[in-house]
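To start, the structure under review is shown below, and the notes come after it.
The values are calculated or read from the model by the stated rules, or taken from the named source; none is laboratory data. All values derive from a computational prediction rather than experimental measurement. Every residue, glycine as well, gets a Cβ built from its backbone with ideal geometry; the counts of neighbours run over all protein chains shown. Accessible surface areas use protein heavy atoms only, side chains included; no ligands, DNA or RNA. Shrake-Rupley method; radii C 1.70, N 1.55, O 1.52, S 1.80 Å.
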Amino acid sequence: MKKFFKYALLAVVAFVVIYTFYFLYSKSRPQEIVFEIIEMEQHTITQRTVATGTVVPRDEILIKPQINGIITHLYKEVGQYVRRNEVIARVMVVPEMGMLNTAESRVNMAQISFNQAEREMERIQTLFEGNVIAREEFEQSEMNFKRAKEELQAAKDNLEIIRTGVSSRTANYSTTLIRSTVSGLILDMPVRVGTSVVQSNNFSDGTTIATVADMTDMIFLGRIDETEIGRINEGTNVEITLGALQNEKLHANLEFISPRGVEEAGAIMFEIRAALTIPDDIFVRAGYSANAEIITAQRDSVMTIPESSLEFSGDSVFVHILTAERPQEFERTPVEIGLSDGLRIEILSGINDGDRIRGAVKR
């Protein structure tokens, strides 16, 4: 029995030793590396650059009052469409006391002058009808009377404008009614009923009543790095992807590239502008973030291979052409390359149709 256990123990030890040597031997043997084999294929290679920006109306018009006052009525809301000359709001004039006193004094003086001219006119007319005075003197008195009458009316109109912002003779041109100067969508109304507003003049931009824009004429407004600016040109077609509409791509035409760059975070950026073509079934809101893909170069129907199959050495580029199947053997061959899109690259020369090229390692 003891001999049996002795021989069994020796057998186990021998097995472990043999297995260990076999394991070490198998690990020391070089493993055969098998590569994927590819061939040239015909593709269209397109190089693109991406610019970030926003979609905005081409023109946003700020509607401002022509008088100082307080908003008493708002006839429109944000998001509503407004036509040109349509009333947006009404302003109540708050008269300035100095101007009001001056205007009232002017009315009183004009009334005195008118009363005097009226009495003079009545006397001259009586004398003229009695052939006591000449027609020339009568016409002079009549002219003075009409002038005094007009001056009185002008003074009253001025007083009425100072008090209410409009007179009976200029009601059609009332500045208390704030009208839109263009047709479009109201994007913003920063005022409320009761807000004090200041007129637009040479010394102040005035209070903005509303912002109106034509939403059918939209542009992409973005910036692009100086390293890419030399590769794009005005008139180039652009694809716009909106942050809010990921599944939609809008076409645009690059119409402006700024001649002057602006430094941003250490980089020089140039402003670009592209006119959007928006389908009727898509509503684009002002301020959407967007990315613009601009085609900088394109080759149609050229022979290409995956860029990962190239070997770069200094200024030269090589591929490995299959010469034997098992085991795989390859010949290192120089090639001339063209345009690349980051995944596939154009082959200008060095490879013939039908050549089989080493690709990535098979897993």
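For this structure, a couple of remarks:
- Computed log₁₀ I(q)/I(0) - Debye formula, equal Cα scatterers, no solvent, the stretch 251-313, q 0.25, 0.27 Å⁻¹: -1.19, -1.30
- On Cα atoms only, tilt of 2-28 relative to the major axis of the chain in degrees: 50 degrees
- Kirkwood analysis of the stretch 193-249, using all unique Cα-Cα pairs, places the hydrodynamic radius at 16.5 Å.
- Lys362 accessible area, assembled protein chains, probe 1.4 Å, Å²: 120 Å²
- At R0 = 25 Å, FRET efficiency that the Cβ-Cβ distance of Glu39 and Ser313 yields, to 0.05: 0.60
- Charge sum, other residues only, whose C-beta stays under 9 Å from Ala267's C-beta, Lys/Arg counted +1 and Asp/Glu -1: -4
- Label-point separation in nm, Arg260 to Gln153, each point 7 Å along Cα→Cβ: 5.3 nm
- Short to long, the 10 Å bins of the Cα pair-distance histogram for the chain hold 4, 13, 13, 13, 11, 9, 9, 8, 6, 4, 4, 3, 2, 1, 1, 0, 0, 0 percent of all pairs.
- Rounded to the nearest 10 degrees, the inclination of helix 97-129 to the longest alpha-carbon principal axis of the chain is 40 degrees.
- For the chain, the longest principal axis of the alpha carbon atoms and the long axis of helix 135-164 meet at an angle near 40°.
- The solvent-accessible area of His73, taken with every protein chain present and a 1.4 Å probe, is close to 90 Å².
- Residue order for Ile345, Ile133 - accessible surface, 1.4 angstrom probe, largest first: Ile133, Ile345
- Taking all protein chains together, Val182, Val78, Val55, Val93 sort by accessible area into Val78, Val182, Val93, Val55, largest first [probe 1.4 Å].
- Most mobile listed residue (Glu36, Glu77, Glu271) in the chain, GNM with C-alpha springs under 10 Å: Glu36
- Here Arg332 sits with roughly 110 square angstrom of accessible surface, probe radius 1.4 Å.
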